[in-house]
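Quick notes on the structure that follows.
The values are calculated or read from the model by the stated rules, or taken from the named source; none is laboratory data. Keep in mind it's a predicted model, so treat the numbers as computed, not measured. Positions of Cβ are backbone-derived with ideal geometry, glycine not excepted, and every protein chain shown enters the neighbour counts. Calculation scope for accessible area: heavy atoms of the full protein, side chains included, ligands and nucleic acids excluded. Shrake-Rupley method; radii C 1.70, N 1.55, O 1.52, S 1.80 Å.
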Protein chains: 2
Amino acid sequence: MRAGSPRLLREINDRAAIEALLRNGPLTRSELEGLIGLSKPATAQLLTRLETADTVVRNGLRGGGRGPRAQLWSVNGALAHIAAVDLTPETVDIAIADISGAVLTEHKAPMPAKHGVLEAFVSAVGKACGQAGLHSDQLLHVVVGCPGAVNPANGELAYAPHLPGWSGFDMPGRLREQLATSVSVENDVNLVALEEMVAGRATEVSDFVVIWPADLVGAAVVINGVLLRGASGGAGEIDGLMIPDRAAADTDTDRSGGTYGELLSNASICKLARAHGLAARNGHGAVRKALAAGPAGGEFMVDLAKRIATGVASVVAVLDPELILLSGDIAQAGGTTLNDLVAAELRQLVVPRTPLQLALVTGKPVRSGALHSALAVARETVFGLPAATTAPFRGPVVAGSPR
Amino acid sequence: MRAGSPRLLREINDRAAIEALLRNGPLTRSELEGLIGLSKPATAQLLTRLETADTVVRNGLRGGGRGPRAQLWSVNGALAHIAAVDLTPETVDIAIADISGAVLTEHKAPMPAKHGVLEAFVSAVGKACGQAGLHSDQLLHVVVGCPGAVNPANGELAYAPHLPGWSGFDMPGRLREQLATSVSVENDVNLVALEEMVAGRATEVSDFVVIWPADLVGAAVVINGVLLRGASGGAGEIDGLMIPDRAAADTDTDRSGGTYGELLSNASICKLARAHGLAARNGHGAVRKALAAGPAGGEFMVDLAKRIATGVASVVAVLDPELILLSGDIAQAGGTTLNDLVAAELRQLVVPRTPLQLALVTGKPVRSGALHSALAVARETVFGLPAATTAPFRGPVVAGSPR
DNA sequence: AAATCGTCTGGAAAGTTAACAGACAGGAGC
DNA sequence: GCTCCTGTCTGTTAACTTTCCAGACGATTT
């Protein structure tokens with residue numbers, strides 16, 4: 001901890017004002033006073049200073065009350081732009097926004113199966129930038145959300161068998177070269193968690209976990225309002241967790257050493273469904289049929305809930321979070337029925353009575369999360385706002401990320 | 001985030017000075033200047049102000065060099081006192097320290113098995129206080145380290161079957177009444193982790209886990225340099241983790257659903273030892289015999305390592321920490337041999353190559369950890385120092401962070 | 001007439017730079 | 001071996017800068 005001169009006060013107050021303007025839209029001077037706690041002259045001086053520095057712009061007048069119309073102020077969005085990308089095996093979905101958070105344009109494009117993914121990606125980003133009247137090197141930062149996790153040591157994408165074209169090289173590094181701007185790659189479930197924290201079910205909690213039971217089980221861990229990435233980017237990669245199969249129906253799983261992912265793979269869930277007399281082609285299909293099938297389906301649901309809950313129990317035992325959110329196809333298909341079954345099983349396995357809820361997935365959670373993450377990085381770079389304060393999460397830390 | 005007037009600067013700078021004095025022992029004015037970055041007159045004024053407020057005291061002179069002998073300053077320890085207690089089923093071990101961290105006195109006393117634990121505890125603390133010339137109500141804070149975890153909702157001690165006399169009531173509340181001072185109860189493994197972070201193997205990392213394989217398996221989780229307690233105080237209570245028994249020797253465990261604690265209980269380890277032709281009465285005894293027995297013992301050690309590693313793997317999958325420390329009787333008895341076997345097994349179970357080390361347990365880790373914890377609380381209440389900053393491992397907190 | 005906006009003036013609080021007086025160790029000169 | 005000078009360090013004082021606050025004033029709108 002270091003001491004500071006009056007100059008430090010300036011910085012603190014400027015940042016407080018910028019943060020208030022970003023968070024609460026256009027404000028009059030007197031509203032800003034109330035929010036940051038400065039006096040009238042100090043606030044006026046601050047605004048004119050930020051205006052001459054181009055940090056802040058006039059944004060219309062507010063009338064209606066007595067007295068003269070008050071000047072409205074907001075942060076100059078044109079200071080910097082960012083891109084948020086949702087990358088799946090089939091498509092890229094891109095949004096370009098300015099630093100105020102306003103989305104300028106959107107663009108969606110298909111992705112090739114394996115070869116030429118990089119080229120397709122770069123051209124899609126180029127097109128989106130074009131629509132916004134920019135070049136990709138004018139972007140301050142790009143956040144890409146995708147399955148898997150980037151190892152901070154070498155930049156390689158791991159845990160992502162569904163994105164075969166992207167493995168074996170320094171993914172953020174290559175993208176940075178091609179786009180001529182700073183890029184970070186973030187796990188998609190992490191971004192969903194971010195979005196749940198900003199605008200979903202987790203706005204009121206600081207420690208929670210999003211669990212994504214699917215063909216590749218993933219989880220996002222948020223501790224103290226900060227996304228946990230892990231030393232090698234592998235936090236929340238619970239697919240490989242060794243857990244026993246506690247399902248009542250015997251499906252020939254190796255009861256002494258299956259992984260969580262194996263027990264929740266499409267193949268394995270279909271097998272379990274068959275053992276209960278249900279035919280399905282994938283996990284969420286099986287869940288949907290079971291829900292429709294009535295009592296017979298109920299037993300399958302209980303067995304599935306047992307499998308899901310056993311993994312959730314491991315997370316609860318280690319972290320004891322305030323809240324667990326279930327997300328993904330299977331959880332969505334199972335709805336509150338499955339959610340409640342898992343909650344009941346969980347209660348038998350661990351002491352803490354951690355509430356379990358369905359994620360509040362509306363719209364495009366991965367892309368929105370990427371947008372928030374990119375904004376946090378941009379605001380830290382441009383305004384020196386600590387990301388943890390701007391939004392209750394940290395931007396991704398990647399080699400070559402802006403300082 | 002709020003703005004601040006010059007008064008805020010005073011607070012920031014005072015706290016910076018106090019923190020520097022606490023951390024770096026007695027300092028001359030010019031040394032303090034260098035540490036906190038203030039000018040000579042400002043530092044001198046600051047010191048005289050803190051001296052008249054009794055916050056800081058003169059502490060001898062430093063001579064030797066050219067020029068006049070420089071005045072040495074340090075924080076006034078007599079401002080407040082704290083107690084640190086290591087509570088086990090058999091004994092209490094108490095240390096009384098002042099707010100500068102200097103230990104004034106120590107006291108150790110036996111504990112009754114079940115009845116009258118509260119009375120014995122209070123009288124031991126009273127005796128320790130007496131030795132230091134204090135009454136217990138003059139203590140600013142008391143931290144008690146013990147097995148188990150206190151549920152923040154009702155104050156009851158859970159996960160602590162070895163402390164039967166302490167369950168079923170609001171433990172910190174009752175102690176607070178009896179001692180007439182503020183009391184907090186902390187899990188013993190958590191305090192070991194704190195101590196490892198302050199002065200052990202984990203000084204350079206911010207995310208690590210201490211695992212305590214024993215009759216009651218515990219773990220402490222540190223994320224971002226902060227101890228994770230969990231929503232109901234149960235973070236790290238991995239005793240109930242459901243894991244498969246991967247040991248090669250068959251000991252009739254329920255392979256489809258044992259808990260981590262069952263697999264590492266004294267009884268279970270002895271059974272495993274017997275299956276390998278070793279007789280022992282408890283876990284660390286078995287390990288010691290196995291180490292002495294040569295090759296035959298080696299197979300037992302591998303099986304034990306498999307059991308330990310399976311639970312460690314769950315922690316790694318969820319958190320991907322920078323470091324895992326093994327502590328407790330069994331880990332100590334097994335030494336680097338067991339540590340390396342567990343590390344090898346772990347590498348086969350999870351992707352991250354998390355380093356595994358033995359905790360650097362010297363002296364009284366639980367009591368020292370409790371002392372650091374109590375000091376952090378005292379320094380926060382007396383000086384307004386954020387506890388996370390007091391500890392030497394956190395990055396600086398941004399000035400003007402929300403109050 | 002009342003309330004509100006924006007600006008201006010004077011003053012308080014905090015820190016910085018610069019200069020000065022005094023103290024002490026070390027070496028030069030005798 | 002003794003004396004005295006010099007350089008360096010401590011601690012204090014004074015003048016100036018930066019930043020914010022309280023209050024007053026004119027202008028504007030309902």
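Numbers below:
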read-out	value
Residues with amide H under 5 Å from that of A:G258, placed H, sequence gap 5 or more	A:I243, A:D245
Of all DSSP beta bridges in the protein assembly as shown, antiparallel share, percent nearest 5	65
Theoretical FRET efficiency, 1/(1+(r/R0)^6), r = Cβ-Cβ of B:K108 and B:Q332, R0 22 Å, to 0.05	0.55
Rounded to the nearest 20 debye, dipole of the protein assembly as shown from Cβ charges on Lys, Arg, Asp, Glu	2240
Virtual paramagnetic centre 7 Å along Cα→Cβ of A:S30, amide N under 17 Å, in region A:43-79	A:43-45, A:61-73
Segment A:Q348-A:E177, length gained on full extension (0.36 nm per residue, minus Cα span)	56.4 nm
Net dipole in debye of region B:201-358 [+1 Lys, Arg Cβ; -1 Asp, Glu Cβ; about Cα centre; nearest 20]	320
Residues with amide H under 5 Å from that of A:E156, placed H, sequence gap 5 or more	A:N151, A:M171
For chain A, size of Cβ-based charge dipole, Lys and Arg +1, Asp and Glu -1, in debye	1200
Relative frequency of Cα-Cα separations exceeding 13 Å in region A:200-245, percent	61
A:E90-B:E204 FRET efficiency (beta carbon distance; Förster radius 51 Å; 0.05 resolution)	0.75
Gyration tensor over alpha-carbon atoms, region A:203-358, equivalent ellipsoid semi-axes in Å	25, 16, 14
Most to least packed among A:260-268, B:379-387 [average Cβ atoms within 10 Å]	A:260-268, B:379-387
Per-residue ³J(HN,Hα) for region B:56-63, Karplus 6.51 cos²θ - 1.76 cosθ + 1.60, θ = phi - 60°, Hz, x for Gly and Pro	10, 10, 6, 9, x, 10, 10, x
Contact order normalised by residue count of chain B, Cα under 8 Å, 6+ apart, percent	15
Percent carbon-and-sulfur accessible area, chain B, ignoring ligands, DNA and RNA, probe 1.4 Å	51
Label point 7 Å beyond Cα along the C-beta direction, distances from A:V122 to other copies (nm, shortest first)	7.5
Cα gyration tensor of chain A - equivalent ellipsoid semi-axes, whole Å, descending	44, 25, 19
Kirkwood-based Rg to Rh ratio, region B:62-195, C-alpha trace	1.11
Listed peptides A:230-241, B:23-34, B:8-19 by packing density, highest first (mean Cβ within 10 Å)	A:230-241, B:8-19, B:23-34
Percent of Cα-Cα distances greater than 38 Å, calculated over the protein assembly as shown	49
Over region A:6-75: Kirkwood hydrodynamic radius from C-alpha pairwise inverse distances, Å	12.2
Protection proxy ranking, peptides B:59-68, A:128-137, B:87-96, average beta carbon neighbours within 10 Å, highest first	B:87-96, A:128-137, B:59-68
Pairwise label distance in nanometres, B:H115 with A:R62, each label 7 Å out on the Cα-Cβ vector	7.0
Debye equation applied to the C-alpha atoms of region A:291-332, log10 I(q)/I(0) at 0.30, 0.32, 0.33 Å⁻¹	-1.07, -1.10, -1.12
Karplus 3J(HN,Hα) series, Hz, for region B:136-148 with 6.51 cos²θ - 1.76 cosθ + 1.60 (x for Gly, Pro)	5, 6, 8, 6, 7, 7, 10, 10, 10, x, 7, x, x
